[in-house]
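No value in this document is a laboratory result; all are computed from the given coordinates. Model, not experiment: these values are computed from the prediction. Ideal geometry is used to build each Cβ from the backbone, glycine not excepted, and the neighbour counts take in all protein chains shown.
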Amino acid sequence: MFDIPHDTTCALPLQQHPFFAMALSACGRPPLMLDEAPARLVMRRRFKGGLTLSMLSRVQVPTGPDDLEQLRIALGRGPVILSPDAPCPELAGYGLVPLMTPATLVELDLTGPEQTRRARLHPKWRNRLRQAEQSPLRVTRCAFPADPGHWLLRADTLQQRRRGYRTWPEALTLAYAAQAPEQAQLFTAQVGNRIVAAMLFLRHGAIATYHIGHTNTEGRALSAHTLLLWTAACWLAEQGHLRLDLGLIDTQRAPGLARFKLGAGATPRRLGGTWGWWPPLGRALAPLARLDRARMEPPPGWTGPDRPCI
């Protein structure tokens, strides 16, 4: 178990941070850490026959053929799944093939005084926050215990099954909390002795990431998640974090969640999509990749989804 000091100079996405590497190692899946600049975390999966698939998630955008050549040398001849942290349509010219179009991430700016950050809230979101602040809700914070029986994990598992989605394996969440104490912070909302909502945040250098949350009917009626997110954002800002990663939004499948995140003042940012690459093929697939290149580029003048009414 390690407790690396909070480093406000490190602004790596969660999937590229040493804390994530420590959690993977504790789960028996140690990643490959590339020391070349920029340093990169690679998850690897070995299949029967000796074929190894390398996966790089939320990596810094490759800077050109020399950067890709360094990756090729480090990763060998196996297939690679590459997901840049920002749009990188030029990868189509280097033999990489688009597999998934870019998703949209939303991030909350934690810099500046609290008054400025409150002013960035959507008016309806701010009104709900004010009502929650005046309600019987009481918010507490603590380090998340590495307890497989914790109620939030049980509630999240049931919620995933009911809504038909999947997130991190539970073991990875527990490993993160165990390997990096104080970096997994749980904010809980209560009315009297009753827990009505909770949110778990993972800290990693200058950035923090919303991980999982749950609320019940009473919590929804009192806008508990609004108060939790605001309270957590203020605390994280006090600790020196620069931004809060609120995860992906899907305005078609989950419009309510997208409105909640954007209403909190978060800014949308387009990621780089997912690319497949098999270095031994060189640029043989480049013509095929160019057919889909337009899908990997932000539309002209794109600044993210319109900020919806709440």
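Towards the positive end of the charge dipole of the chain, with charges on Cβ (+1 Lys, Arg; -1 Asp, Glu), say which of P38, F201, L152 has the farthest Cα.
L152
Once amide H atoms are placed 1.01 Å from N in the peptide plane, what residues at a sequence separation of 5 or more from V196, or on another chain, have their amide H within under 5 Å of its amide H?
Under 5 Å from the amide H of V196: A189, Q190, V191.
Mean residue ellipticity at 222 nm from the helices of the chain, using -39,500 (n - 2.57) per DSSP H segment of n ≥ 4 over the full residue count, to the nearest 500 deg cm²/dmol?
Theoretical 222 nm ellipticity from helices: -9000 deg cm²/dmol.
For a Förster distance of 51 Å, can you work out the FRET efficiency between the beta-carbons of L242 and R46, rounded to the nearest 0.05?
Computed FRET efficiency for L242 and R46: 0.85.
Would you list L202, L53 from fewest to most Cβ contacts within 10 Å?
With the sparsest Cβ surroundings first, the list reads L53, L202.
Roughly how large, in nm² to one decimal, is the mean projection of the convex hull of the alpha-carbon atoms in region 164-204?
4.0 nm²
Rounding to the nearest 10 and keeping the result within 0 to 90°, find how far the Cα-based axis of helix 170-179 lies from the longest principal axis of the chain.
That works out to roughly 80 degrees.
State, to one decimal in nm², a quarter of the convex hull surface area for the C-alpha atoms of region 105-269, i.e. the direction-averaged projected area.
The directionally averaged projection comes out at 9.4 nm².
Which three semi-axes in whole Å describe the equivalent ellipsoid of the chain, each the square root of 5 times a Cα gyration tensor eigenvalue, listed largest first? Provide the component values of the computation, followed by the final result.
Details: eigenvalues 255, 107, 61 Å².
Those come to 36, 23, 17 Å.
Assuming 0.36 nm per residue, please report the length gained on full extension of the stretch A74 to L257 beyond their Cα-Cα distance.
Length gained between A74 and L257: 61.9 nm.
Go through 163-170, 186-193 and give me the packing order, highest mean Cβ count within 10 Å leading.
Values: 163-170: 10.8, 186-193: 16.8.
Packing proxy ranking, top to bottom: 186-193, 163-170.
Got a sec? How would C88, C142, C10 order by Cβ neighbour count within 10 Å, fewest to most? Walk me through the intermediate numbers first.
On the way: C88 24, C142 11, C10 15.
Result, fewest neighbours first: C142, C10, C88.
Counting only residues 5 or more places away or on other chains, whose amide H sits under 5 Å from the amide H of R269 once H atoms are built in the peptide plane?
Close amide H contacts, sequence-distant or interchain: L105, V106, E107.
Kindly write out, for region 212-229 in residue order, the coupling ³J(HN,Hα) from the Karplus curve 6.51 cos²θ - 1.76 cosθ + 1.60 (θ = phi - 60°), rounded to whole Hz, with x marking Gly and Pro.
9, x, 7, 8, 10, 4, 5, x, 5, 5, 9, 6, 4, 5, 4, 5, 4, 5
Work out the FRET efficiency for C10 and R118 from their Cβ-Cβ distance, taking R0 = 41 Å, and round it to the nearest 0.05.
Using R0 = 41 Å, I get an efficiency of 0.90.
Pairs of alpha-carbon atoms within less than 8 angstrom and 6+ residues apart define the contacts here; what relative contact order does region 105-269 have, in percent? If you can, show how the numbers build up before the last one.
On the way: 262 pairs, mean separation 61.2, N = 165.
Contact order relative to length: 37 percent.
Give the value in nm², to one decimal: projected area of the alpha carbon convex hull of region 216-278, averaged over all directions.
6.8 nm²
What is the distance, in nm, between label points placed 7 Å from the Cα along the Cα-to-Cβ direction at A143 and at T167?
If labels sit at A143 and T167, their model points lie 2.1 nm apart.
Per-residue HN-Hα couplings for region 144-161, Karplus 6.51 cos²θ - 1.76 cosθ + 1.60 at θ = phi - 60°, whole Hz, x for Gly and Pro?
In residue order, the calculated couplings are 5, x, 7, 10, x, x, 4, 4, 5, 5, 5, 5, 5, 4, 5, 5, 4, 5 Hz.
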